[in-house]
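Okay, structure first, notes after.
Please treat every number below as a calculation from the coordinates, not as lab data. Please read all numbers here as calculations on a predicted model, not as lab measurements. Every residue, glycine among them, receives a Cβ derived from its backbone with ideal geometry; neighbour counts consider all protein chains shown.
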């Protein structure tokens, strides 16, 4: 078996060096083959994943070592293939890892190396997102598979602001740890104005939901967390063939502020300004020709006049680890 570790170059040098040392030590006493690779440019993780998957196919496991963006790249490379994906959280948010890893492994990522022999491969769902311009022309370069969450509105503005801070201060631990909280403050001070119309195919197949609204934020969820621990969809499961759509009404700052704490903890469902739907597909269109949808999939920002999305069940082999303290996702 070939264990391939693709490390995002933007991950902290200390964490990357510790992982490399641990991988090399394990390789010395293990009959399996270990490959430690560092990315060199944006999109390199996808290139490396495709290369090693084509070379070893089902005789390899490829670990995305970074944040949600790294998982996003590797997942898009390996969708519908034979090579399983694993995750070692080393990024800024690490939100997908919060859903799929046992708590003790999330807190101590290097412990994953000692548990490779206990790995379990299951097929997970992917969220397909297709982007279109104002003339309804498809935009292939912006159309992808999202493994975690695709979102719009205030949360995307926060993500964009946080990433700008980190890009401007790439060596700062302070900004890496606090960028999202600082971005929340900045975006609240600026204010917001978002609107769209949507058509959703409900998972029960009984009806569609069609509406138009002003909103504060909206998310299409395959998993549970994003934005460094915010929980828009506490009940999402990555292998149930269903997506959770959460839309928060347009709110004033005074009304939005107390809801933020509930939203972070996953306690917002049932609030009169929060609308949640279990769906399999849908269409979202900006209602302002001068203001396209600003969204992000797995933390990667994009802009489009409209999107079409759907769940693609059991489309990616993924590595899980059993644990006495495992997340409910794994207890099946």
Could you tell me whether the range 127-313 comes out rounded, prolate or oblate from its Cα gyration tensor? Rule is a ≥ b ≥ c as square roots of the eigenvalues, rounded for a/c under 1.5, then prolate if a/b exceeds b/c, otherwise oblate. rounded
Given the options 272, 313, 292, state which has the largest fluctuation in a GNM of the chain using a 10 Å cut-off (strictly under) for Cα springs. 272
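For a quick check: sort 125, 160 by the number of other beta carbons within 10 angstrom, fewest at the front.
Taking fewest neighbouring Cβ atoms as first place, the list is 160, 125.
Given a Förster distance of 35 Å, report the FRET efficiency between residue 55 and residue 323 from their Cβ-Cβ distance, rounded to the nearest 0.05.
On the way: r = 31 Å, r/R0 = 0.89.
FRET efficiency, residue 55 to residue 323: 0.65.
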Of the peptides 217-229, 277-289, how do they stack up when ordered by the mean number of other Cβ atoms within 10 Å, highest first? 217-229, 277-289
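Only Cα pairs under 8 Å and at least 6 apart count here; give the relative contact order of the range 127-313 as a rounded whole percent. Could you put the intermediate results ahead of the total?
Working: 393 pairs, mean separation 55.2, N = 187.
Rounded, it is 30 percent for the range 127-313.
How high is the FRET efficiency between residue 167 and residue 288 when r is their beta carbon distance and R₀ equals 30 Å, given to the nearest 0.05?
Numbers: r = 28 Å, r/R0 = 0.93.
The pair residue 167/residue 288 has a calculated efficiency of 0.60.
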Connecting C-alpha atoms closer than 10 Å in a GNM of the chain, tell me which of 296, 32, 94 has the biggest fluctuation. 32
In degrees between 0 and 90, to the nearest 10, how far off the longest principal axis of the chain does helix 13-28 point, with axes built from Cα atoms? 40 degrees
Could you check the spin-label model distance between residue 301 and residue 2? Points 7 Å from the Cα along Cα→Cβ, value in nm. 3.7 nm
Could you state the number of Å between the C-alpha centres of the range 219-250 and the range 49-91? 22 Å
In a Gaussian network model over the chain where Cα atoms closer than 10 Å are linked, find which of 14, 264, 122 has the largest mean-square fluctuation. 14
Taking only Cα atoms of the range 2-118, radius of gyration then Dmax in Å: 12.9, 34
Helix-derived [θ] at 222 nm for the chain: sum -39500 (n - 2.57) over DSSP H runs of at least 4, divide by residue count, nearest 500? -9000 deg cm²/dmol
Projected label distance in nm at residue 182 and residue 273, using a 7 Å step from Cα toward the beta-carbon: 2.7 nm
Relative contact order [Cα under 8 Å, 6+ residues apart], the range 107-171, whole percent: 22 percent
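Express the relative contact order of the chain as a whole percentage, based on alpha carbon pairs under 8 Å and six or more residues apart in sequence.
22 percent
So how much slack lies between residue 29 and residue 210, counting 0.36 nm per residue of separation and subtracting their Cα-Cα distance, in nm? Please report the intermediate quantities before stating the final value.
Working: separation 181, 0.36 × 181 = 65.16 nm, distance 5.87 nm.
Residue separation times 0.36 nm, minus the Cα-Cα distance, leaves 59.3 nm.
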